[in-house]
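Asker: Attaching a single structure in structure tokens format; questions to follow.
Readers should treat all values here as calculations from the given coordinates under stated rules, not as data from a laboratory. Model, not experiment: these values are computed from the prediction. Heads up, the Cβs are rebuilt from the backbone with ideal geometry, glycines too, and the neighbour counts pull from every protein chain shown.
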There are 2 protein chains.
Amino acid sequence: MKKIYFTPGPTELYPTVAAHIENALHEDICSISHRSSRFKDIFKATRDNLKILLEIPDNFHIFFIGSATEAMERIIENCVQHKSSHLVNGAFSERFYKTALDLKKEPQKIMASFGNGFYEHEIEIDADSELICVTQNETSTGVALSPDFISRMKRRHPEKLIAVDVVSSVPYAALDYKFLDCAFFSVQKGFGLPAGLGVIIANERCIQKAQSLQEKDFDIGSYHNFPSLLKQAQKCQTSETPNVLAIYLLGKVCADYLQSGLSEIRKQTEIKSVALYEFFENHPQYKPFVKEESFRSHTIIVSETISESSSMISRAAKQGFIIGSGYGNYKNRHIRIANFPVHSLDNVKSLLVYLR
Amino acid sequence: MKKIYFTPGPTELYPTVAAHIENALHEDICSISHRSSRFKDIFKATRDNLKILLEIPDNFHIFFIGSATEAMERIIENCVQHKSSHLVNGAFSERFYKTALDLKKEPQKIMASFGNGFYEHEIEIDADSELICVTQNETSTGVALSPDFISRMKRRHPEKLIAVDVVSSVPYAALDYKFLDCAFFSVQKGFGLPAGLGVIIANERCIQKAQSLQEKDFDIGSYHNFPSLLKQAQKCQTSETPNVLAIYLLGKVCADYLQSGLSEIRKQTEIKSVALYEFFENHPQYKPFVKEESFRSHTIIVSETISESSSMISRAAKQGFIIGSGYGNYKNRHIRIANFPVHSLDNVKSLLVYLR
């Protein structure tokens, strides 16, 4: 039986991925030197496709790293001397905050309860904070903050850097890069790719901050500090031998998305998410976890379950529907359903027919 | 025309890799959760196969990271408070040393000229050094230090930690893990796999050192510090979503190697390296770069070329033989030929027929 993975990542592979891998093997992509012109062409194609797809302005650089978790570490190392401020409303925003603690910074934590988002007027960023860290789409709870919210934060704090976790909302989230300094994601979610690649999108202000820390003799890391990443990226290269296959595949799936058109992908995403929330609103066994509609993620849909979710998840798996469990303490009380470009309206409909 | 990659890594894929990838796709390895029991089984199988293959004792842990370059950073972060000592005789040992500088340590540099190795009696390790970093096989110059040399270093400095770079010699190098504390490699060389995975093999003393630095409030990194890596590895998990496919493939190729038997792989490696060095000794256009025979690597064979190597390399490429150029300043004066398990005696013979 063909399974469909609705898990929040790793998830179902985008349908073109197997053919792209076959092609990569045929073309020796995994054997070529990462210093060769062929690799540089791959780097450039992926970077350019990504910039076009996500409408990333020219003053931003694209860095390829190992994971979104690594992105959190590198951003704190390179953009914070003493203090970052973190909007924490779930496990991944908490991880970003804890990363700053691990790296011996003195981060500010601004909390909302799990399942909630933030209201601008309730947020007081410390004056001496250098970086505001926002988890735009909290994968653990299914709460999304609007791109407008992020733009307003930036307008209020133009002198501070803003870093945005879009791990589970890219490419759906319509960020306005004029109002942020740094964003990051990994490829095993919205791009439907095998895990093992993270992407940092960082503007000149982030580079300048890293350089100023370096000049003050702070430890900003080694091969993956921003000046090193930039120096290599300007040559379409990387410091280390990177995950060449993943960089190649990301470029190919970006090209596929460009062919579908991002506005169509976004429209489809919303049609599917509306269907999912409507179902959970109206079914006696379920209840959307996020009560405030404006905070509901379109890409990670979280529902409370009346009975233990684990048995329901195992039953669904037997029918080929692989659904995510709740995160952490909610493991057995929630289900999480990913709504990525890989998940077609037909996939979602058949899931809902089954759940009904 | 089928090409053969004799490049020092990335290199030719091991012949079973394409089938393992196909199988992984068929079994949804790229979609399963990295918190699932299926992932834990993959982690365990790879770890166990690796420990059997390389005869790694029980008091060592296996950590999966992004690259060998990352390994250098993590080892310095976690095993050095102030000073590491580096035997530097090429670009990669130099990188290890520079990593320590980047991380604000005060490393000791012990140099040998490129193309040379080290004699024990010439080495004076500073008394206050905490970690001795040895590049067992210098990929840039084709110089190897014997496993015995490393064991003797450890006997002379039992109180210090020893970290060994075996990036381009694993699994050939017959290390005695009783006489080292940490080793690391990446998978795109001796394992003939796609790049994007590094492996750290670290014993309890390394963990204790990291813990003691952590207790003293030093910055030892975040998600990939040794205590975090250990905590997750003990559950057969990783902190971040890792390169699941690469971990799976490494386990499979280890199993393939176990079937061939490592002693047979080592024997074949030496037969091929003897043939290569003999050829370069006797051909008027070539001369082995490493003069002292006992320092000659069996896995990375470097030869000087009488004329510019670039034109010779392009001609060979047209015949399907992809050969590595010299490293750095030697780019146009050397060729580098990888002699990994993927390279059969027949491959090497046909290369030599062509070069003749």
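Asker: How large is ³J(HN,Hα) for each residue in region A:230-244, as worked out from phi by the Karplus curve 6.51 cos²θ - 1.76 cosθ + 1.60 (θ = phi - 60°), to whole Hz, x for Gly and Pro?
Answerer: After applying 6.51 cos²θ - 1.76 cosθ + 1.60, I find 5, 4, 6, 4, 5, 9, 6, 10, 9, 5, 9, 6, x, 7, 4 Hz.
Asker: Ok, one more. Which residue of chain B is nearest the rotation axis onto chain A, counting by its Cβ, and what is the distance in whole Å?
Answerer: Residue nearest the B-to-A axis, with distance in whole Å: B:G66, 2.
Asker: Can you tell me how region B:154-286 classifies by the Cα gyration tensor, rounded, prolate or oblate, using a/c under 1.5 as the rounded cut?
Answerer: Values: a/c = 2.42, a/b = 1.63, b/c = 1.49.
Cα axes put region B:154-286 in the prolate bin.
Asker: Right, here's the next one. Largest first and to the nearest Å, give the Cα extent of region A:17-258 along each principal axis.
Answerer: Reported extents, whole Å, longest axis first: 55, 40, 29.
Asker: Within 10 Å of each Cβ of B:29-41, how many other protein chain Cβ atoms are there on average? Walk me through the numbers on the way to the answer.
Answerer: Details: counts 2, 14, 15, 4, 9, 4, 5, 3, 0, 0, 1, 0, 0.
Partner Cβ neighbours, averaged per residue: 4.
Asker: Follow-up question, since we're still on this one. Nm distances between the label at A:S37 and the same-position labels in the remaining copies, 7 Å along Cα→Cβ, shortest first?
Answerer: Sorted ascending, the copy-to-copy spacings read 5.4 nm.
Asker: Using +1 at the C-beta of Lys and Arg and -1 at the C-beta of Asp and Glu, which of A:I335, A:L351, A:M1 has the Cα lying farthest in the positive direction of the dipole of chain A?
Answerer: A:M1
Asker: Can you give the net charge of the other residues whose Cβ lies under 11 Å from the Cβ of B:F191, counting K and R as +1 and D and E as -1?
Answerer: Working: positive: B:K189, B:K252; negative: B:D256.
Around B:F191, the surrounding residues sum to +1.
Asker: Which of the peptides A:337-349, A:81-93, A:269-281 is most tightly packed, and how do the rest follow, judged by the mean count of other Cβ atoms within 10 Å per residue? Before the final figure, lay out the partial values.
Answerer: Values: A:337-349: 19.8, A:81-93: 22.1, A:269-281: 17.5.
Order by mean packing, descending: A:81-93, A:337-349, A:269-281.
Asker: Percent of Cα-Cα pairs per 10 Å bin, from 0 to the last occupied bin, for region B:116-231, please list those.
Answerer: In whole percents, the pair-distance histogram is 12, 40, 34, 13, 0.
Asker: On to the next question. How large is the charge dipole for region B:208-356, taken about the Cα centre, if only the Cβ atoms of Lys, Arg (+1) and Asp, Glu (-1) carry charge, to the nearest 20 debye?
Answerer: Around 280 debye, computed over region B:208-356.
Asker: Please compute the average number of Cβ atoms from other chains found within 10 Å of each residue's Cβ in peptide A:64-74. Let's see the in-between values first.
Answerer: Numbers: counts 0, 2, 12, 9, 2, 8, 8, 1, 3, 6, 0.
Taking all residues of A:64-74 together, the mean is 5.
Asker: Local charge sum around B:F226 (other residues, Cβ-Cβ under 9 Å, Lys/Arg +1, Asp/Glu -1)? Before the final figure, lay out the partial values.
Answerer: Numbers: positive: B:R74, B:K209; negative: B:E77.
Combined, the nearby Lys, Arg, Asp and Glu give +1.
Asker: For the protein assembly as shown, give the magnitude of the charge dipole about the Cα centre (Cβ charges: +1 Lys/Arg, -1 Asp/Glu; no others), in debye to the nearest 20.
Answerer: Using only the charged Cβ atoms, the result is roughly 1140 debye.
Asker: Report the gain in length on full extension from B:E159 to B:K349: 0.36 nm times residue separation, minus Cα-Cα distance, nm rounded to one decimal. Before the final figure, lay out the partial values.
Answerer: Numbers: separation 190, 0.36 × 190 = 68.40 nm, distance 4.64 nm.
Net length gain for the segment: 63.8 nm.
Asker: Using alpha carbon coordinates only, what is the Rg to Rh ratio of the protein assembly as shown, with Rh defined as the Kirkwood radius? Walk me through the intermediate numbers first.
Answerer: Working: Rg = 25.7 Å, Rh = 26.3 Å.
Result: Rg/Rh = 0.98.
Asker: Which whole-Hz ³J(HN,Hα) couplings does region A:252-267 yield from phi under the Karplus relation 6.51 cos²θ - 1.76 cosθ + 1.60, θ = phi - 60°, glycine and proline marked x?
Answerer: Per residue, the Karplus-derived 3J(HN,Hα) values read 5, 5, 4, 4, 4, 5, 5, 5, 5, x, 5, 5, 5, 4, 5, 4 Hz.
Asker: Between A:D28 and B:E278, what is the FRET efficiency for a Förster distance of 22 Å, r being their Cβ-Cβ separation, to the nearest 0.05? Numbers along the way, then the final one.
Answerer: On the way: r = 29 Å, r/R0 = 1.33.
The formula returns an efficiency of 0.15 here.
Asker: Under a straight-distance cross-link criterion of Cα-Cα below 28 Å, which lysines are reachable from A:K3, leaving out those fewer than 8 residues away in the same chain?
Answerer: A:K189, A:K252, A:K267, A:K272, A:K287, A:K318, A:K331, A:K349, B:K40, B:K44, B:K235, B:K252
Asker: Ok, one more. If I take all pairs of Cα atoms in region A:162-201, what percentage of them are more than 12 Å from each other?
Answerer: Numbers: 434 of 780 pairs.
Result: 56 percent of Cα pairs exceed 12 Å.
Asker: FRET efficiency for B:M111 and B:D217, Cβ-Cβ distance as r, R0 = 35 Å, nearest 0.05?
Answerer: Values: r = 34 Å, r/R0 = 0.97.
E(calc), rounded to 0.05, equals 0.55.
Asker: Further question: Once the label point is placed 7 Å from Cα along Cβ, list for A:D126 the distances to the corresponding points in the other copies, in nm, shortest first.
Answerer: In ascending order, 3.4 nm.
Asker: Residue by residue through B:186-192, how many Cβ atoms from other chains fall within 10 Å of the Cβ on average? Display every interim value, and only then the final one.
Answerer: Numbers: counts 2, 1, 6, 1, 0, 0, 2.
Mean inter-chain Cβ contacts per residue within 10 Å come to 2.
Asker: Given the options A:H283, A:T139, A:S151, identify the residue whose Cα lies farthest towards the positive end of the charge dipole of chain A (+1 on Cβ of Lys, Arg; -1 on Cβ of Asp, Glu).
Answerer: A:H283
Asker: Provide the per-residue ³J(HN,Hα) series for region B:95-100, in order, calculated from phi with Karplus coefficients 6.51, -1.76, 1.60 and θ = phi - 60°, each as a whole number of Hz, with x at glycine and proline positions.
Answerer: Listing the rounded values in order: 4, 4, 4, 5, 4, 5 Hz.
Asker: Additional query: List the extent of the Cα atoms of region B:1-136 along each of their three principal axes, largest first, rounded to whole Å.
Answerer: 54, 43, 29 Å, listed from the longest principal axis down.
Asker: Near the amide H of B:T135, under 5 Å away, which other amide H atoms are found, from residues 5 or more places off or on another chain, if H is placed in the peptide plane?
Answerer: B:L87, B:D165
Asker: Still on this model: Using the Cα centre as the reference, give the magnitude of the dipole from point charges on the C-beta atoms of chain A (Lys, Arg: +1; Asp, Glu: -1; all else neutral), rounded to the nearest 20 debye. Working shown, then result.
Answerer: Working: 41 positive and 41 negative charges, 135 e Å.
My answer is approximately 660 debye.
Asker: How would A:I32, A:I323 line up from fewest to most surrounding beta-carbon atoms within 10 angstrom? Kindly include the intermediate steps, with their values, before the conclusion.
Answerer: Working: A:I32 19, A:I323 24.
Ordered from fewest to most neighbouring Cβ atoms within 10 Å, A:I32, A:I323 come out as A:I32, A:I323.
Asker: Across region B:229-356, how large is the tail of the calculated P(r) beyond 16 Å, expressed as a percent of all Cα pairs? If you can, show how the numbers build up before the last one.
Answerer: On the way: 5602 of 8128 pairs.
For region B:229-356, the fraction of Cα-Cα distances above 16 Å is 69 percent.
Asker: List the distances, in nm to one decimal, from the label point of A:E281 to the label points of the same position in every other copy, shortest first, placing each label point 7 Å from Cα along the Cα-to-Cβ direction.
Answerer: Spelled out, the distances from A:E281's label point are 8.2 nm.
Asker: Would you mind counting up the charge near B:Y286? Only other residues with Cβ under 15 Å from its Cβ, with Lys and Arg at +1 and Asp and Glu at -1. Provide the component values of the computation, followed by the final result.
Answerer: Details: positive: B:K287, B:K291, B:R296, B:R315, B:R333, B:R336, B:R356; negative: B:E278, B:E281, B:E304, B:E308.
In short, +3.
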